[in-house]
1. Against the definition (in a helix (DSSP H, G or I) and either in contact with a helix residue (DSSP H, G or I) (Cβ under 9 Å, 6 or more places away or on another chain) or modelled with pLDDT under 95 (or both)), how does Ala61 come out, yes or no?
2. Are any residues in segment 57-85 touching a residue at least 24 places away in the same chain (Cβ under 8 Å) and over 17 Å from the mean Cα position of the chain (by Cα), and if so, which ones?
3. Of these, Met71, Met76, which one is out of contact with any helix residue (DSSP H, G or I) (no Cβ under 6 Å at 6 or more places or on another chain) and under 28 Å from Tyr24 (Cα atoms)?
4. Out of the residues in segment 2-31 meeting the condition of being under 17 Å from Phe65 (Cβ atoms), surrounded by 12 or more Cβ atoms within 10 Å (Cβ to Cβ) and not hydrophobic (A, V, I, L, M, F, W, C), tell me which one is modelled with the highest pLDDT.
5. Does segment 51-58 include one or more residues that are closer than 29 Å to Leu15 by Cβ and either of a type outside the set (A, V, I, L, M) or surrounded by 17 or more Cβ atoms within 10 Å (Cβ to Cβ) (or both)?
6. Identify all residues within segment 32-48 that are exposed (fewer than 14 other Cβ atoms within 10 Å of the Cβ) and either among the small types (Gly, Ala, Ser) or farther than 26 Å from Ala81 by Cα (or both); write none if there are none.
Amino acid sequence: MAGRKTWQELRAEALDDPGACAAYEATRFRFELGRAVRERREALGMSQARLAQAAGLQQPAVARFEAGGTMPTLPMLDRLATALGMRLQVGFEPLDRAG
């Protein structure tokens, strides 16, 4: 068993591949967007169906988005933000300050 690698070691090796790293970042980005929408929706006491109706979407689309399964367009994010009583802000941040 001494030759077995930990999950952290395997992950670090996999992320050394530029393609894998880019895919990981895209997935992380989708997941974080979905989580932010889900948390706001839940804080407002809204169901996915109610949010979907307010944003002009179908409930399964909201479910997929909240699970990180889709990369939204800016117009879709704007519709979701408006339906959640928020304003969408898009900007750039230096990489050394990004989280």
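1. Judged against the criteria, Ala61 is a match.
2. Thr82, Ala83, Gly85
3. Of the residues listed, the single one that is out of contact with any helix residue (DSSP H, G or I) (no Cβ under 6 Å at 6 or more places or on another chain) and under 28 Å from Tyr24 (Cα atoms) is Met76.
4. Restricting to residues being under 17 Å from Phe65 (Cβ atoms), surrounded by 12 or more Cβ atoms within 10 Å (Cβ to Cβ) and not hydrophobic (A, V, I, L, M, F, W, C), the top hit is Arg30.
5. No, because not a single residue in segment 51-58 is closer than 29 Å to Leu15 by Cβ and either of a type outside the set (A, V, I, L, M) or surrounded by 17 or more Cβ atoms within 10 Å (Cβ to Cβ) (or both).
6. Ala43, Gly45, Ser47, listed by residue number.
The values are calculated or read from the model by the stated rules, or taken from the named source; none is laboratory data. Model, not experiment: these values are computed from the prediction. All Cβ positions, glycine included, derive from the backbone under ideal geometry; neighbour counts span all protein chains shown.
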